[in-house]
1. Residues being outside any helix (DSSP H, G or I) and loosely packed, with under 10 Cβ neighbours inside 10 Å: count how many of those fall in the range 41-72.
2. Here's a check for you: in the range 15-38, which residue that is in a helix (DSSP H, G or I) and of a type in the set (S, T, N, Q) is surrounded by the most Cβ atoms within 10 Å (Cβ to Cβ)?
3. Starting from the range 35-63, keep only residues that are under 19 Å from residue 5 (Cα atoms), then list their pairs with residues that are in a loop (DSSP other than H, G, I, E, B) and of a type in the set (A, V, I, L, M) whose Cβ atoms are within a distance under 7 Å, requiring at least 6 positions of separation or different chains.
4. Condition test on residue 10, is it modelled with pLDDT under 90 and either surrounded by 11 or more Cβ atoms within 10 Å (Cβ to Cβ) or within 10 Å of the chain's Cα centre (by Cα) (or both)?
5. Working only within the range 17-30, note down all residues that are over 13 Å from residue 1 (Cα atoms) and charged (D, E, K, R).
Amino acid sequence: MFLSGTVVPVESMPEFLQTLSFLSPLRYYMDVILGVFLKGAGIAELWPQAAALFGIGAFVFGLAGLMFRKVA
C-alpha cells in the first residue's frame, strides 16, 4: 500500500522506492481509479497503466501455471 502512492506521493519517495513501486500493481490500479473517478479520463489517457496491469497479470499467471505444472 505504501508503494502505491496513496499514503505518500511517489514523487516524494526516495529514488530506490520510486523504482521499486513500478513492480506494484496497486500503483497502476490507483492511477486508473483516480483518473476515472476524479478526472474523467478514458482509455486513451490510461492505456499505459492498463498495459502495465496486463503485463504484471500475465507474468503472475504464467508463473502460477509453471508452479502448478511442477506440483501436479
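1. Counting residues in the range 41-72 that are outside any helix (DSSP H, G or I) and loosely packed, with under 10 Cβ neighbours inside 10 Å gives 1.
2. By that ranking, first place goes to 21.
3. Once the first residue is under 19 Å from residue 5 (Cα atoms) and sits in the range 35-63, its partners that are in a loop (DSSP other than H, G, I, E, B) and of a type in the set (A, V, I, L, M) give 35/41.
4. On the way: modelled with pLDDT under 90: yes; either surrounded by 11 or more Cβ atoms within 10 Å (Cβ to Cβ) or within 10 Å of the chain's Cα centre (by Cα) (or both): yes.
So residue 10 passes the test.
5. Passing the criteria: none in range.
The values are calculated or read from the model by the stated rules, or taken from the named source; none is laboratory data. Computed from a predicted model, the values in this text were never measured in an experiment. Counting neighbours? That spans all protein chains shown, and the Cβs are built from the backbone with ideal geometry, glycine included.
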